[in-house]
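What follows is a set of notes on a single structure, which appears directly below.
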Amino acid sequence: MQPVCYIFVLQVNMSIAILPMSKEFNWNSATVGLIQSSFFWGYLLTQILGGIWADKIGGKLVLGFGVVWWSVATILTPIAAKIGLPFLLIMRAFMGIGEVGPALLGVAMPAMNNLLSKWIPVSERSRSLALVYSGMYLGSVTGLAFSPILIHKFGWPSVFYSFGSLGSIWFALWLRKAYSSPEEDPELSKEEKKLIMGGSISKEPVKVIPWRLILSKAPVWALIISHFCHNWGTFILLTWMPTYYNQVLKFNLTESGLLCVLPWLTMAAFANIGGWIADTLVSRGLSITAIMQSIGFLGPAFFLTQLSYVRTPAMAVLCMACSQGSDAFSQSGLYSNHQDIGPRYAGVLLGLSNTAGVLAGVFGTAATGYILQRGSWDDVFKVSVALYIIGTLVWNLFSTGE
(Lines give C-alpha, C1' and ligand atoms only; values in the text may rest on other atoms or scores of the structure.)
Protein backbone atom coordinates (compact mmCIF):
# COMPACT_ATOMS: atom_id res chain seq x y z
CA MET A 1 0.00 0.00 0.00
CA GLN A 2 2.96 2.34 0.62
CA PRO A 3 3.83 3.32 -2.98
CA VAL A 4 0.22 3.98 -4.00
CA CYS A 5 -0.33 6.03 -0.83
CA TYR A 6 2.79 8.10 -1.49
CA ILE A 7 1.90 8.67 -5.15
CA PHE A 8 -1.51 10.08 -4.30
CA VAL A 9 -0.06 12.34 -1.59
CA LEU A 10 2.00 13.93 -4.35
CA GLN A 11 -0.90 14.20 -6.78
CA VAL A 12 -3.46 15.63 -4.36
CA ASN A 13 -1.17 18.39 -3.09
CA MET A 14 -1.71 20.34 -6.31
CA SER A 15 -5.49 20.31 -5.83
CA ILE A 16 -4.99 22.30 -2.60
CA ALA A 17 -1.98 24.40 -3.64
CA ILE A 18 -3.71 25.49 -6.84
CA LEU A 19 -6.02 27.76 -4.78
CA PRO A 20 -3.31 30.18 -3.51
CA MET A 21 -1.28 29.70 -6.69
CA SER A 22 -4.19 30.81 -8.90
CA LYS A 23 -4.57 33.97 -6.81
CA GLU A 24 -0.85 34.76 -6.91
CA PHE A 25 -0.49 34.21 -10.65
CA ASN A 26 -4.01 35.41 -11.58
CA TRP A 27 -5.09 32.19 -13.32
CA ASN A 28 -8.71 31.77 -14.48
CA SER A 29 -10.70 28.51 -14.34
CA ALA A 30 -9.66 27.42 -17.83
CA THR A 31 -5.97 27.89 -16.98
CA VAL A 32 -6.38 26.00 -13.72
CA GLY A 33 -8.01 23.14 -15.62
CA LEU A 34 -5.14 23.13 -18.12
CA ILE A 35 -2.57 22.98 -15.32
CA GLN A 36 -4.43 20.20 -13.53
CA SER A 37 -4.71 18.17 -16.73
CA SER A 38 -1.08 18.65 -17.80
CA PHE A 39 0.00 15.96 -15.35
CA PHE A 40 -2.02 13.45 -17.36
CA TRP A 41 -0.29 14.39 -20.63
CA GLY A 42 2.89 12.69 -19.53
CA TYR A 43 1.16 9.98 -17.53
CA LEU A 44 -0.66 8.95 -20.71
CA LEU A 45 2.56 8.25 -22.59
CA THR A 46 3.84 5.53 -20.25
CA GLN A 47 0.80 3.37 -19.56
CA ILE A 48 1.12 0.61 -22.17
CA LEU A 49 4.94 0.69 -22.12
CA GLY A 50 4.83 0.56 -18.33
CA GLY A 51 2.60 -2.51 -18.38
CA ILE A 52 4.96 -4.28 -20.78
CA TRP A 53 8.02 -3.49 -18.66
CA ALA A 54 6.28 -4.51 -15.47
CA ASP A 55 5.32 -7.89 -16.94
CA LYS A 56 8.79 -8.44 -18.42
CA ILE A 57 11.17 -7.31 -15.66
CA GLY A 58 8.94 -7.17 -12.58
CA GLY A 59 7.39 -4.32 -10.68
CA LYS A 60 9.95 -3.56 -7.96
CA LEU A 61 12.58 -1.46 -9.75
CA VAL A 62 10.15 -0.02 -12.26
CA LEU A 63 7.83 1.28 -9.57
CA GLY A 64 10.62 2.38 -7.23
CA PHE A 65 12.48 4.51 -9.75
CA GLY A 66 9.18 5.93 -10.95
CA VAL A 67 8.42 7.35 -7.51
CA VAL A 68 11.90 8.90 -7.34
CA TRP A 69 11.30 10.59 -10.69
CA TRP A 70 7.94 11.90 -9.48
CA SER A 71 9.51 13.20 -6.27
CA VAL A 72 12.17 15.20 -8.10
CA ALA A 73 9.55 16.70 -10.43
CA THR A 74 7.44 17.64 -7.40
CA ILE A 75 10.34 19.49 -5.76
CA LEU A 76 11.00 21.42 -8.99
CA THR A 77 7.33 22.42 -9.46
CA PRO A 78 7.45 25.73 -7.47
CA ILE A 79 10.55 26.82 -9.40
CA ALA A 80 8.86 26.06 -12.71
CA ALA A 81 5.70 27.96 -11.68
CA LYS A 82 7.67 31.09 -10.85
CA ILE A 83 9.55 30.97 -14.16
CA GLY A 84 6.33 30.85 -16.17
CA LEU A 85 3.22 28.89 -17.10
CA PRO A 86 4.83 26.91 -19.98
CA PHE A 87 7.54 25.65 -17.63
CA LEU A 88 4.95 24.63 -15.05
CA LEU A 89 2.99 22.68 -17.68
CA ILE A 90 6.17 20.91 -18.78
CA MET A 91 7.12 20.02 -15.21
CA ARG A 92 3.63 18.70 -14.49
CA ALA A 93 3.86 16.57 -17.63
CA PHE A 94 7.27 15.32 -16.46
CA MET A 95 5.62 14.13 -13.26
CA GLY A 96 3.34 11.97 -15.39
CA ILE A 97 5.95 10.77 -17.84
CA GLY A 98 8.42 9.60 -15.23
CA GLU A 99 10.42 7.97 -18.00
CA VAL A 100 13.55 9.09 -19.73
CA GLY A 101 15.88 6.44 -18.42
CA PRO A 102 14.85 3.41 -16.39
CA ALA A 103 12.36 5.23 -14.22
CA LEU A 104 8.66 4.95 -14.89
CA LEU A 105 6.05 6.84 -12.99
CA GLY A 106 3.32 6.09 -15.45
CA VAL A 107 3.68 2.42 -14.60
CA ALA A 108 2.69 2.84 -10.97
CA MET A 109 -0.65 1.15 -11.49
CA PRO A 110 0.54 -1.47 -14.03
CA ALA A 111 3.50 -2.32 -11.81
CA MET A 112 1.28 -2.67 -8.74
CA ASN A 113 -1.08 -4.91 -10.68
CA ASN A 114 1.88 -7.04 -11.79
CA LEU A 115 3.11 -7.41 -8.20
CA LEU A 116 -0.33 -8.32 -6.89
CA SER A 117 -0.91 -10.94 -9.59
CA LYS A 118 2.27 -12.71 -8.42
CA TRP A 119 1.87 -12.31 -4.67
CA ILE A 120 -1.85 -12.78 -4.04
CA PRO A 121 -3.81 -16.07 -4.32
CA VAL A 122 -7.10 -15.83 -6.22
CA SER A 123 -9.14 -16.56 -3.08
CA GLU A 124 -7.74 -13.44 -1.39
CA ARG A 125 -7.48 -11.17 -4.43
CA SER A 126 -10.36 -8.75 -3.95
CA ARG A 127 -9.68 -7.82 -0.33
CA SER A 128 -5.91 -7.67 -0.91
CA LEU A 129 -6.37 -5.46 -3.95
CA ALA A 130 -8.76 -3.25 -2.00
CA LEU A 131 -6.28 -2.93 0.88
CA VAL A 132 -3.41 -1.98 -1.41
CA TYR A 133 -5.38 0.46 -3.50
CA SER A 134 -6.94 2.05 -0.44
CA GLY A 135 -3.47 3.58 -0.20
CA MET A 136 -4.72 5.97 -2.91
CA TYR A 137 -7.36 7.24 -0.56
CA LEU A 138 -5.11 7.37 2.50
CA GLY A 139 -2.56 9.27 0.43
CA SER A 140 -5.24 11.77 -0.52
CA VAL A 141 -6.24 12.09 3.16
CA THR A 142 -2.64 12.81 4.12
CA GLY A 143 -2.16 15.41 1.40
CA LEU A 144 -5.47 17.15 2.04
CA ALA A 145 -4.97 17.25 5.81
CA PHE A 146 -1.40 18.56 5.89
CA SER A 147 -1.24 20.76 2.77
CA PRO A 148 -3.39 23.61 4.22
CA ILE A 149 -1.26 23.64 7.39
CA LEU A 150 1.98 23.85 5.41
CA ILE A 151 0.58 26.55 3.13
CA HIS A 152 -0.65 28.62 6.07
CA LYS A 153 2.68 28.47 7.94
CA PHE A 154 5.29 28.34 5.16
CA GLY A 155 3.56 29.22 1.87
CA TRP A 156 2.37 27.02 -1.00
CA PRO A 157 5.88 26.01 -2.25
CA SER A 158 6.45 24.15 1.04
CA VAL A 159 3.83 21.58 0.04
CA PHE A 160 5.91 20.48 -2.95
CA TYR A 161 9.24 20.62 -1.14
CA SER A 162 7.96 18.63 1.86
CA PHE A 163 6.15 15.82 0.11
CA GLY A 164 8.68 15.60 -2.71
CA SER A 165 11.53 15.09 -0.23
CA LEU A 166 9.84 12.00 1.21
CA GLY A 167 10.68 10.12 -1.97
CA SER A 168 14.28 9.35 -1.00
CA ILE A 169 13.17 7.85 2.32
CA TRP A 170 10.47 5.79 0.65
CA PHE A 171 12.86 4.57 -2.07
CA ALA A 172 15.43 3.32 0.45
CA LEU A 173 12.78 1.28 2.28
CA TRP A 174 11.31 0.00 -0.99
CA LEU A 175 14.66 -1.29 -2.31
CA ARG A 176 15.38 -3.05 0.96
CA LYS A 177 12.00 -4.62 1.69
CA ALA A 178 10.18 -5.11 -1.64
CA TYR A 179 10.50 -8.04 -4.05
CA SER A 180 8.94 -8.57 -7.48
CA SER A 181 7.84 -12.13 -6.69
CA PRO A 182 7.73 -14.59 -3.75
CA GLU A 183 10.62 -16.59 -5.21
CA GLU A 184 12.94 -13.58 -4.81
CA ASP A 185 12.15 -12.93 -1.14
CA PRO A 186 14.82 -14.61 1.05
CA GLU A 187 12.81 -14.03 4.22
CA LEU A 188 9.87 -16.19 3.12
CA SER A 189 9.84 -19.80 4.28
CA LYS A 190 9.21 -22.67 1.87
CA GLU A 191 5.77 -23.12 3.40
CA GLU A 192 4.88 -19.47 2.83
CA LYS A 193 6.05 -19.58 -0.76
CA LYS A 194 4.08 -22.76 -1.35
CA LEU A 195 0.96 -21.18 0.11
CA ILE A 196 1.27 -18.06 -2.05
CA MET A 197 2.22 -19.82 -5.26
CA GLY A 198 -0.30 -22.58 -4.71
CA GLY A 199 -3.16 -20.14 -5.07
CA SER A 200 -1.71 -18.09 -7.90
CA ILE A 201 -1.12 -18.72 -11.56
CA SER A 202 2.58 -19.07 -12.32
CA LYS A 203 3.93 -16.14 -14.27
CA GLU A 204 7.18 -16.52 -16.16
CA PRO A 205 8.62 -13.31 -17.63
CA VAL A 206 6.61 -12.27 -20.67
CA LYS A 207 8.58 -12.33 -23.93
CA VAL A 208 5.86 -11.83 -26.55
CA ILE A 209 2.66 -9.79 -26.16
CA PRO A 210 -0.25 -11.24 -28.22
CA TRP A 211 -1.68 -7.84 -29.09
CA ARG A 212 -4.10 -9.05 -31.78
CA LEU A 213 -5.58 -11.69 -29.48
CA ILE A 214 -5.88 -9.28 -26.54
CA LEU A 215 -7.51 -6.50 -28.58
CA SER A 216 -9.95 -8.90 -30.26
CA LYS A 217 -11.72 -9.69 -26.99
CA ALA A 218 -14.91 -7.86 -25.98
CA PRO A 219 -14.13 -8.05 -22.22
CA VAL A 220 -10.87 -6.17 -22.85
CA TRP A 221 -12.75 -3.38 -24.58
CA ALA A 222 -15.30 -3.40 -21.78
CA LEU A 223 -12.39 -2.77 -19.40
CA ILE A 224 -11.02 0.05 -21.56
CA ILE A 225 -14.33 1.88 -22.01
CA SER A 226 -15.41 1.37 -18.41
CA HIS A 227 -12.07 2.60 -17.11
CA PHE A 228 -12.53 5.82 -19.09
CA CYS A 229 -16.04 6.35 -17.73
CA HIS A 230 -14.95 5.59 -14.16
CA ASN A 231 -11.88 7.81 -14.14
CA TRP A 232 -13.68 10.84 -15.58
CA GLY A 233 -15.65 11.24 -12.37
CA THR A 234 -12.83 10.10 -10.07
CA PHE A 235 -10.19 12.49 -11.41
CA ILE A 236 -12.57 15.45 -11.45
CA LEU A 237 -13.26 14.89 -7.76
CA LEU A 238 -9.57 14.37 -7.05
CA THR A 239 -8.42 17.58 -8.72
CA TRP A 240 -11.42 19.92 -8.39
CA MET A 241 -13.12 19.04 -5.10
CA PRO A 242 -11.18 21.60 -2.97
CA THR A 243 -12.11 24.27 -5.52
CA TYR A 244 -15.77 23.22 -5.34
CA TYR A 245 -15.72 23.48 -1.57
CA ASN A 246 -14.05 26.88 -1.78
CA GLN A 247 -16.19 28.43 -4.55
CA VAL A 248 -19.61 26.86 -3.95
CA LEU A 249 -19.67 26.00 -0.25
CA LYS A 250 -17.52 29.03 0.70
CA PHE A 251 -15.07 27.09 2.85
CA ASN A 252 -11.66 28.63 3.42
CA LEU A 253 -8.43 26.87 2.45
CA THR A 254 -8.06 24.96 5.72
CA GLU A 255 -11.73 23.95 5.81
CA SER A 256 -11.62 22.84 2.18
CA GLY A 257 -8.64 20.60 2.85
CA LEU A 258 -10.00 19.07 6.04
CA LEU A 259 -13.52 18.47 4.69
CA CYS A 260 -12.08 16.88 1.55
CA VAL A 261 -10.63 14.24 3.85
CA LEU A 262 -14.03 12.73 4.68
CA PRO A 263 -14.87 11.36 1.21
CA TRP A 264 -11.42 9.78 0.88
CA LEU A 265 -11.68 8.16 4.32
CA THR A 266 -15.05 6.81 3.21
CA MET A 267 -13.44 5.37 0.09
CA ALA A 268 -10.69 3.68 2.11
CA ALA A 269 -13.27 2.06 4.39
CA PHE A 270 -15.68 0.99 1.66
CA ALA A 271 -12.92 -0.35 -0.60
CA ASN A 272 -11.98 -2.84 2.11
CA ILE A 273 -15.60 -3.64 2.94
CA GLY A 274 -16.23 -4.26 -0.75
CA GLY A 275 -13.14 -6.48 -1.00
CA TRP A 276 -14.30 -8.59 1.93
CA ILE A 277 -17.79 -8.93 0.44
CA ALA A 278 -16.36 -9.84 -2.97
CA ASP A 279 -14.08 -12.57 -1.62
CA THR A 280 -16.95 -13.97 0.44
CA LEU A 281 -19.16 -14.17 -2.66
CA VAL A 282 -16.34 -15.76 -4.70
CA SER A 283 -15.77 -18.40 -1.99
CA ARG A 284 -19.45 -19.33 -2.34
CA GLY A 285 -19.14 -19.76 -6.10
CA LEU A 286 -20.85 -16.51 -7.10
CA SER A 287 -19.69 -14.11 -9.82
CA ILE A 288 -18.93 -10.60 -8.59
CA THR A 289 -18.02 -8.97 -11.91
CA ALA A 290 -21.36 -7.29 -12.56
CA ILE A 291 -22.41 -6.71 -8.94
CA MET A 292 -19.41 -4.84 -7.57
CA GLN A 293 -18.79 -2.59 -10.57
CA SER A 294 -22.47 -1.73 -10.96
CA ILE A 295 -22.35 -0.38 -7.40
CA GLY A 296 -19.12 1.43 -8.28
CA PHE A 297 -20.85 3.18 -11.20
CA LEU A 298 -24.46 3.72 -10.14
CA GLY A 299 -23.68 4.75 -6.56
CA PRO A 300 -21.56 7.78 -7.53
CA ALA A 301 -24.03 8.67 -10.31
CA PHE A 302 -26.95 8.77 -7.86
CA PHE A 303 -25.23 10.87 -5.19
CA LEU A 304 -23.81 13.36 -7.70
CA THR A 305 -27.33 14.01 -8.98
CA GLN A 306 -28.38 14.91 -5.43
CA LEU A 307 -25.87 17.77 -5.25
CA SER A 308 -28.26 19.88 -7.34
CA TYR A 309 -30.89 19.65 -4.60
CA VAL A 310 -28.96 19.96 -1.36
CA ARG A 311 -29.16 23.29 0.46
CA THR A 312 -26.52 23.01 3.18
CA PRO A 313 -22.75 22.50 3.07
CA ALA A 314 -23.06 19.52 5.42
CA MET A 315 -25.39 17.70 3.01
CA ALA A 316 -23.11 18.50 0.08
CA VAL A 317 -20.12 16.99 1.90
CA LEU A 318 -22.24 13.94 2.81
CA CYS A 319 -23.22 13.45 -0.84
CA MET A 320 -19.56 13.68 -1.86
CA ALA A 321 -18.61 11.13 0.79
CA CYS A 322 -21.36 8.71 -0.29
CA SER A 323 -20.44 9.18 -3.94
CA GLN A 324 -16.80 8.33 -3.39
CA GLY A 325 -17.62 5.60 -0.88
CA SER A 326 -19.70 3.71 -3.44
CA ASP A 327 -17.05 4.43 -6.09
CA ALA A 328 -14.62 2.39 -3.98
CA PHE A 329 -16.48 -0.81 -4.90
CA SER A 330 -14.70 -0.51 -8.26
CA GLN A 331 -11.59 -1.92 -6.55
CA SER A 332 -13.36 -5.29 -6.44
CA GLY A 333 -14.84 -4.88 -9.90
CA LEU A 334 -12.96 -2.99 -12.57
CA TYR A 335 -9.53 -3.04 -10.91
CA SER A 336 -9.49 -6.75 -10.09
CA ASN A 337 -10.84 -7.81 -13.49
CA HIS A 338 -7.47 -7.47 -15.24
CA GLN A 339 -6.13 -10.36 -13.19
CA ASP A 340 -9.31 -12.37 -13.72
CA ILE A 341 -9.33 -12.32 -17.53
CA GLY A 342 -5.57 -12.27 -18.16
CA PRO A 343 -3.35 -12.91 -15.12
CA ARG A 344 -0.24 -13.48 -17.24
CA TYR A 345 -0.68 -10.08 -18.88
CA ALA A 346 -2.20 -8.21 -15.94
CA GLY A 347 0.27 -5.32 -16.25
CA VAL A 348 -0.33 -4.97 -19.99
CA LEU A 349 -4.10 -5.06 -19.55
CA LEU A 350 -4.03 -2.40 -16.86
CA GLY A 351 -1.70 -0.34 -19.04
CA LEU A 352 -4.26 -0.52 -21.85
CA SER A 353 -7.31 0.29 -19.75
CA ASN A 354 -5.52 2.91 -17.67
CA THR A 355 -4.49 4.67 -20.88
CA ALA A 356 -8.19 5.25 -21.46
CA GLY A 357 -8.53 6.21 -17.80
CA VAL A 358 -5.75 8.77 -18.12
CA LEU A 359 -7.38 10.20 -21.25
CA ALA A 360 -10.42 10.80 -19.04
CA GLY A 361 -8.13 12.71 -16.68
CA VAL A 362 -6.70 14.79 -19.54
CA PHE A 363 -10.03 15.73 -21.08
CA GLY A 364 -12.20 15.70 -17.95
CA THR A 365 -9.94 17.88 -15.81
CA ALA A 366 -9.40 20.43 -18.59
CA ALA A 367 -13.04 20.34 -19.70
CA THR A 368 -14.19 21.10 -16.16
CA GLY A 369 -12.32 24.41 -16.24
CA TYR A 370 -13.94 25.40 -19.53
CA ILE A 371 -17.40 24.27 -18.37
CA LEU A 372 -17.09 26.39 -15.23
CA GLN A 373 -16.21 29.46 -17.30
CA ARG A 374 -19.40 29.10 -19.34
CA GLY A 375 -21.71 27.04 -17.14
CA SER A 376 -22.04 25.71 -13.60
CA TRP A 377 -21.01 22.88 -11.32
CA ASP A 378 -24.33 21.18 -12.12
CA ASP A 379 -23.15 20.89 -15.72
CA VAL A 380 -19.87 19.34 -14.55
CA PHE A 381 -21.69 16.70 -12.50
CA LYS A 382 -24.18 15.93 -15.30
CA VAL A 383 -21.35 14.90 -17.63
CA SER A 384 -19.91 12.58 -14.97
CA VAL A 385 -23.32 11.01 -14.31
CA ALA A 386 -23.88 10.36 -18.03
CA LEU A 387 -20.51 8.60 -18.31
CA TYR A 388 -21.18 6.51 -15.19
CA ILE A 389 -24.41 5.27 -16.80
CA ILE A 390 -22.65 4.49 -20.10
CA GLY A 391 -19.98 2.59 -18.15
CA THR A 392 -22.64 0.57 -16.34
CA LEU A 393 -24.26 -0.50 -19.61
CA VAL A 394 -20.99 -1.45 -21.32
CA TRP A 395 -19.72 -3.31 -18.26
CA ASN A 396 -22.86 -5.41 -17.78
CA LEU A 397 -23.12 -6.24 -21.47
CA PHE A 398 -19.55 -7.23 -22.29
CA SER A 399 -17.41 -7.85 -19.18
CA THR A 400 -16.61 -11.25 -17.70
CA GLY A 401 -14.88 -12.66 -14.64
CA GLU A 402 -13.46 -15.65 -16.51
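The label point for Thr31 and the one for Glu184, both projected 7 Å from the Cα toward the Cβ, are 4.5 nm apart. First check a/c for the range 311-356, with a ≥ b ≥ c the square roots of the eigenvalues of its C-alpha gyration tensor; if it is under 1.5, answer rounded, and if not, answer prolate when a/b is larger than b/c or oblate otherwise. Prolate, because a/c is 1.5 or more and a/b exceeds b/c.
Can you compute the modelled spin-label distance between Val310 and Arg212, with each label point 7 Å from Cα toward Cβ, in nm? About 5.2 nm separates the two model spin labels. Couplings for the range 140-155, taken from phi via the Karplus curve 6.51 cos²θ - 1.76 cosθ + 1.60 with θ = phi - 60°, read 5, 4, 4, x, 5, 6, 8, 4, x, 5, 5, 5, 5, 8, 10, x Hz in order; Gly and Pro are left as x. When a 1.4 Å probe is rolled over the protein heavy atoms, the share of accessible surface on the range 211-401 that falls to carbon and sulfur comes to 70 percent.
Whenever you get a sec, line up Tyr245, Tyr161 from highest to lowest accessible area (probe 1.4 Å, protein heavy atoms). The partial results should precede the final answer.
Numbers: Tyr245 0, Tyr161 95 Å².
Of Tyr245, Tyr161, the descending order of accessible area is Tyr161, Tyr245.
If you add up the charges near Ser384, with Lys and Arg at +1 and Asp and Glu at -1, over every other residue whose beta carbon is less than 15 angstrom from its beta carbon, what do you get?
Working: positive: Lys382; negative: Asp327, Asp378, Asp379.
Around Ser384, the surrounding residues sum to -2.
The rule of thumb for compact globular proteins, 2.2 N^0.38 Å, goes into the C-alpha radius of gyration of the range 211-401 1.05 times. Once the Cα-Cα distance is subtracted from the 0.36 nm per residue extended length, the Gln247 to Lys153 segment shows a gain of 31.6 nm.
The values are calculated or read from the model by the stated rules, or taken from the named source; none is laboratory data. A quick note: this is a predicted structure, and the numbers were derived from the prediction, not measured. Glycine also receives a Cβ, built like all others from the backbone with ideal geometry; neighbour counts cover every protein chain displayed. Heavy atoms of the whole protein, side chains included, go into the accessibility calculation; ligands, DNA and RNA do not. Shrake-Rupley method; radii C 1.70, N 1.55, O 1.52, S 1.80 Å.
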